[in-house]
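Let me give you the structure first, and then I'll get to my questions.
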Amino acid sequence: MPVNETIFAYAVGRIRALETRLLDKGKLERMVEAASGDEALKVLAETDYAGLVAELASVHDFEKILQEEIKRVFSLVKKISPQPYLTDLMGLKYDVHNLKVLLKAKYLEETNHDILFPVGTIQIDKLRAMVTEENFRDLPVALRTAAEQITEEFAVSRDPQVIDLSLDRTLYDMLITAARNERAAVLEGLFVREVDLANIKTFLRVKRMGRNKEFFKKAFLPQGRLTADLFINLLEEPLEFLADRLAMSDYAAVVSEGVREWQEKGTITRLEKLSDDFITDYLQQGKRMPFGLEPLIGYLYAKEIEVKNIRMILVGKINGLPIEAIRERLRNVYI
């Protein structure tokens with residue numbers, strides 16, 4: 001059934017009030033221009049983050065408050081939403097991220113610094129127990145199937161790509177199928193765009209590594225609007241051809257600027273920023289809507305971008321990056 005937009009009236013009213021408390025460009029700029037990480041944190045303490053900042057013993061522990069803020073926001077939106085299973089779809093990527101981290105820790109014995117996010121729909125302790133015991137019966141069916149297949153395939157191949165590729169494809173199958181079944185157009189549009197942008201980045205990485213079309217096919221996510229053939233036919237062509245082929249698409253500016261930096265600097269930093277800004281532009285439709293799911297999804301994404309900006313600023317300050325290097329990485333704000 002289509003989503004009945006009027007049932008979101010109360011939730012949208014709450015979201016409108018919360019939007020006014022998002023960090024604006026001016027506040028972020030003050031953090032960027034701060035003399036140090038500690039000084040940037042003092043600027044953040046002038047905002048709604050004040051209580052969280054007060055609990056920090058050191059600026060180096062900032063990730064704790066960012067995780068706590070995202071957890072709080074997802075919990076709040078779930079509470080006020082009349083159809084929380086729709087906003088829960090935004091949290092599924094954290095479940096998949098956590099599952100990836102735990103599987104790699106088990107099968108690859110990685111001692112990495114990947115973060116387990118306490119934001120998804122599955123408690124981390126439960127997910128850890130499932131991985132330890134290799135018993136995934138309490139996962140959603142699609143994730144359970146993927147996890148069981150990974151367990152079997154990895155025992156034979158020992159290929160770590162099995163974990164990422166299988167779970168990424170499963171994630172977007174789940175997300176887009178659910179969005180379509182619920183006729184939640186804003187979510188379907190969001191997830192399809194995320195898939196297309198992910199495939200563009202995959203194409204660039206495959207080109208850089210000099211891998212063949214069979215490798216690309218394994219990494220390609222099939223749920224987007226851009227076809228696998230479009231990319232495969234360009235694998236042996238100069239990189240400029242990708243920008244030409246997408247010149248009339250929604251992704252024209254993202255690709256042309258991203259490819260240019262790739263060629264000049266060998267990095268996808270600009271493409272990553274442009275991709276996030278592209279999604280922000282898409283979700284800003286929710287700011288104009290008096291009812292419906294769109295404002296809730298837009299606010300959740302806005303918070304994720306806000307946290308990403310704070311993280312980039314504090315990491316930059318702690319590591320002594322130049323102001324301009326930090327500034328050019330910041331994402332556009334939602335408000």
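Step by step: first the residues of segment 194-236, then only those that are among the charged types (D, E, K, R) and under 23 Å from Thr280 (Cβ atoms), then the one that is surrounded by the fewest Cβ atoms within 10 Å (Cβ to Cβ). Which residue is that?
Initially, segment 194-236 is screened for residues among the charged types (D, E, K, R), giving 194, 196, 201, 205, 207-208, 211, 213-214, 217-218, 225, 229, 236.
If we keep only those that are under 23 Å from Thr280 (Cβ atoms) as well, we get 194, 196, 201, 225.
Values: Glu194: 21, Asp196: 22, Lys201: 16, Arg225: 13.
Top of the filtered list is Arg225.
On to the next question. Keeping to segment 91-125, report how many residues are within 21 Å of Asp173 (Cβ to Cβ), part of a helix (DSSP H, G or I) and not charged (D, E, K, R).
The total comes to 10.
Let me ask something additional. Which pairs do you get when a residue that is part of a loop (DSSP other than H, G, I, E, B), found in segment 126-138, comes within reach of a residue that is hydroxyl-bearing (Ser, Thr, Tyr), reach meaning Cβ atoms under 6 angstrom, with the pair 6+ apart or on two chains?
Filtered contacts from segment 126-138: Glu134/Thr151.
Would you confirm whether or not segment 147-163 contains a residue that is touching a residue at least 60 places away in the same chain (Cβ under 8 Å) and not hydrophobic (A, V, I, L, M, F, W, C)? So that I can check it myself, show each step before the final result.
Step one: list which residues in segment 147-163 are touching a residue at least 60 places away in the same chain (Cβ under 8 Å), which gives 163.
Now drop any that are not not hydrophobic (A, V, I, L, M, F, W, C), which leaves none.
No.
The rows are residues; the columns are (1) surrounded by 12 or more Cβ atoms within 10 Å (Cβ to Cβ); (2) in a loop (DSSP other than H, G, I, E, B); (3) touching a Leu at 6+ places or on another chain (Cβ under 9 Å).
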| site | (1), (2), (3) |
| --- | --- |
| Leu22 | yes, yes, no |
| Gly26 | no, no, no |
| Asp38 | yes, no, no |
| Leu41 | yes, no, yes |
| Thr47 | yes, yes, yes |
| Glu68 | yes, no, yes |
| Lys71 | yes, no, no |
| Lys79 | no, no, no |
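Looking only at helices (runs of 4 or more DSSP H) that lie completely in segment 244-328, which have at least 3 residues being of a type in the set (S, T, N, Q), surrounded by fewer than 22 Cβ atoms within 10 Å (Cβ to Cβ) and over 15 Å from the mean Cα position of the chain (by Cα)? Working first, answer last.
Working: elements: 252-265, 269-283, 294-318, 323-327.
Output list is empty.
In segment 139-159, what count of residues is obtained for those that are part of a loop (DSSP other than H, G, I, E, B) and more than 16 Å from Met174 (Cα to Cα)?
First, the residues of segment 139-159 that are part of a loop (DSSP other than H, G, I, E, B): 139-140, 158-159.
Filter again for more than 16 Å from Met174 (Cα to Cα), leaving 158-159.
Count: 2.
Please go through segment 164-193 and give me each residue that is among the charged types (D, E, K, R), surrounded by 15 or more Cβ atoms within 10 Å (Cβ to Cβ) and in contact (Cβ under 8 Å) with a residue 60 or more places away in the chain, ordered by number.
Going through segment 164-193, the residues among the charged types (D, E, K, R) turn out to be 164, 168-169, 173, 180, 182-183, 188, 193.
Narrowing the set further to residues that are surrounded by 15 or more Cβ atoms within 10 Å (Cβ to Cβ) leaves 164, 168-169, 173, 182, 188, 193.
Asp164, Asp168, Glu182, Arg193, listed by residue number.
Determine which single condition Ile268 fails, assuming it passes every other condition in (1) among the aliphatic types (A, V, I, L, M); (2) farther than 27 Å from Leu239 by Cα; (3) at pLDDT below 95.
Only one criterion is unmet by Ile268, namely (2).
Please go through (1) closer than 30 Å to Gly292 by Cα; (2) free of Cβ contacts under 8 Å to residues at least 40 places away in the same chain for Pro82 and return the number of the only condition it doesn't satisfy.
Only one criterion in (1) closer than 30 Å to Gly292 by Cα; (2) free of Cβ contacts under 8 Å to residues at least 40 places away in the same chain is unmet by Pro82, namely (2).
Related question: Considering only segment 31-90, state which residues are acidic (Asp, Glu) and more than 30 Å from Leu175 (Cα to Cα). Lay out the reasoning, then the answer.
Let us first name the residues in segment 31-90 that are acidic (Asp, Glu), namely 33, 38-39, 46, 48, 55, 61, 63, 68-69, 88.
Within segment 31-90, Glu33, Asp38, Glu39, Glu46, Asp48, Glu55, Asp61 qualify.
The values are calculated or read from the model by the stated rules, or taken from the named source; none is laboratory data. Since this is a predicted model, take the numbers as computed values, not measurements. When we count neighbours, we look across all protein chains shown, and the Cβ atoms used for this are built from the backbone with ideal geometry, even at glycine.
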